[in-house]
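For reference, the structure discussed in these notes is given below.
Bear in mind these aren't lab numbers, they're just calculated from the coordinates by the rules spelled out. In this text, all values refer to a predicted model and were calculated from it rather than measured experimentally. Because the Cβ atoms are built from the backbone with ideal geometry, glycine has one as well, and the counts that use them run over all protein chains shown.
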Amino acid sequence: MVIFLGFFTRKVFVDNVGLEYLGLNGLLQNILGLMTLIEGGFATSVVYNMYKPLAEDNRPKILALLQLYKRVYRWIALGIAFFSICLYPFIGYFLKDASQLSYVGLVYFIFLFNSLIGYFSAYKWSLINASQQGYRLTAINLIYQIGVSISKLVILYLTKNYILYLVVEALFNVVYNIAVVKRADQLFPYVKDKNKYSLDNDTKHSIFTNIKALFINKIGGYFMHSTDNIIISAFVGVTTVGLYSNYTLITGLVKSLVTQALDSYSESVGNLIASESTDKVYSVFTSCFFVNFLIVSIPVIILFNILTPFVDWWLGSEYRLANITVWIVLLNFFLDSIRTTALTFKMKAGIFVNDRWTPFLQGLINLLLSLLLVKIWGITGVLLATSISILSIGFWQFPRLCYKFIFHKPLWDYFRRLICYSLVAIVALLISFVLCCIIRVEGLLLRLVLNALISGVVVVLVFWLLFHRLDEYNKVRGYCLSVIRKSNCVSE
């Protein structure tokens, strides 16, 4: 239902407000994302230092970490507000062909307010996540998502007022964060302790040493993931950002599903690395990497065949991007998502300092190539710059650190697996693409459904034929069967 509401809301938004404001949404999110660099990776470092005291139920240390988190984030919020106000006079330089946009200033400050709300409840969020109890927020998340989507739909239908649309979203955001804080207080009543606690010098040193490395990572991450909309808006046009955002809505939804699936094991990786043998950790890694490949490659293959028909049916053919641009969008999704397992193991092992320059150099390459290629190939050039920058460093650096510092094995083993998996995925993609081209039907919806069915059947058959003898496949299959048996026993 939430997915349906998301797509329906986007359709109503485009019809009633326009692509220009949709592009403005994406632009302001990226511009204000620059301000989050002030945080510098502080949250990641604190959460990393929270795992052990939570496991030991060391409440004084947990409270000391939370109190530090709360104090620092208050100052970060003030810093973001100050620098965002200073940045506001320069917004016009990033808006090309935006003559139809009104109330840009008001929109900017509503976005700023929305971005600041989370900083006042983040310390409670960190406790829930570090304790591996994110599932406790499922009901709150669902109510929030459905409530805000329906409310925005009503606003768009009745008023077509973009400002009111944003105000309603901000109010829901406030209520949502209050609900998260109350939920954290229920789960951990001791966090309401008003006594002051202090951290030992070793923990402080660990936190701030990691921050130095993570801050560089944050800058690189921003250059890598949050500059595309700014460059497209400034050099191509804000309307093109709106077109592109329709595709990123789809890939972002798939990305969130992939992330949720992979997060199911991510919080246990830290304990695994700390308590199990290297061989055991490596065995789990190979299984997780195989699962990572499956849940990334399958949607990419299906989207390759249905994305353009879906946009035609959903919004209309005038909202298409060129096929080559769409293919690069999917390539970037695959390249970025396939390294999730390596990134998770690296982060949970606390490998921050050794990796401090990788995201920065990768992000810098992306920024410079984007500025060069946007003048040659427009939006397609910007997206191609992302592909090149991922392949240049991050694609191999994350697994290299895992294989060197965690597994103590040659990196070639990782790439041997990846090449094998990727070749199988390419075979499935080509077969499904050819069949979708040969088997044609009239009607956008029928074509969309048929392409999805063809792609799904082909990918399942090809993957089973070529993978069913692999150890990783049988490990994952065995684990899934055991989970199913346990669930059946519980239901009985």
Residues Val460, Val281, Val311 in order from fewest to most other beta-carbon atoms within 10 Å are Val460, Val281, Val311
Listed by chain and number, the lysines with an alpha carbon less than 29 angstrom from that of Lys409, same-chain partners under 8 positions apart left out, are Lys52, Lys212, Lys218, Lys280, Lys346, Lys348, Lys475
tail above 24 Å in the computed P(r) of region 137-233, as % of all Cα-Cα pairs, reads 61
Descending packing, highest mean Cβ count within 10 Å first, for 142-153, 356-367 is 356-367, 142-153
Row for region 212-314, column shape: gyration tensor on C-alpha, a ≥ b ≥ c, rounded if a/c < 1.5 i.e. under 1.5, prolate if a/b over b/c, else oblate; value oblate
CD proxy, 222 nm, the chain: helix-only mean residue ellipticity via -39,500 (n - 2.57) per DSSP H run with n ≥ 4, per residue, nearest 500, stands at -27000 deg cm²/dmol
Everything considered on the Cα gyration tensor (a ≥ b ≥ c; rounded for a/c under 1.5, else prolate if a/b is larger than b/c, else oblate), region 237-492 must be described as oblate
Region 1-82: spread of alpha-carbon positions along the three principal axes, whole Å, largest first, is 54, 36, 15
For region 216-226, in residue order, the Karplus 3J(HN,Hα) values (coefficients 6.51, -1.76, 1.60; θ = phi - 60°; whole Hz; Gly and Pro = x) are 5, 4, 5, 4, x, x, 5, 4, 7, 10, 10
Expressed as a whole-number percentage, the relative contact order of region 237-492 with C-alpha contacts under 8 angstrom and at least six residues apart is 25
Env charge @ Val281, Cβ radius under 12 Å, K,R +1 / D,E -1, value +1
Expected sort for 86-92, 425-431 on mean C-beta neighbours within 10 Å, highest first, is 425-431, 86-92
For 29-37, 175-183, ranked highest to lowest by mean beta-carbon neighbours within 10 Å, the order is 29-37, 175-183
From fewest to most C-beta neighbours within 10 Å, the residues Thr209, Thr341 line up as Thr209, Thr341
Averaged over all viewing directions, the convex hull of the alpha carbons in region 1-199 casts a projected area in nm² of 12.2
Magnitude of the Cβ-charge dipole (Lys and Arg +1, Asp and Glu -1) of the chain about the Cα centre, nearest 20 debye, reported as 820
Proxy exposure order for Trp75, Trp396 (fewest C-beta within 10 Å first) is Trp75, Trp396
Residue by residue through region 112-123, the couplings from Karplus 6.51 cos²θ - 1.76 cosθ + 1.60 with θ = phi - 60°, in Hz, x for Gly and Pro, are 4, 4, 4, 6, 8, 4, x, 5, 8, 10, 4, 5
Per residue, the convex hull enclosing the alpha carbons of the chain has a volume in Å³ of 170
Over all Cα pairs of region 57-157, the Kirkwood radius sets Rh, and Rg/Rh then becomes 1.09
Lys and Arg at +1, Asp and Glu at -1: neighbours of Leu37 with Cβ under 15 Å from its Cβ sum to +2
The answer for Phe188, listing residues at least 5 apart or on another chain whose modeled amide H is closer than 5 Å to its amide H, is none
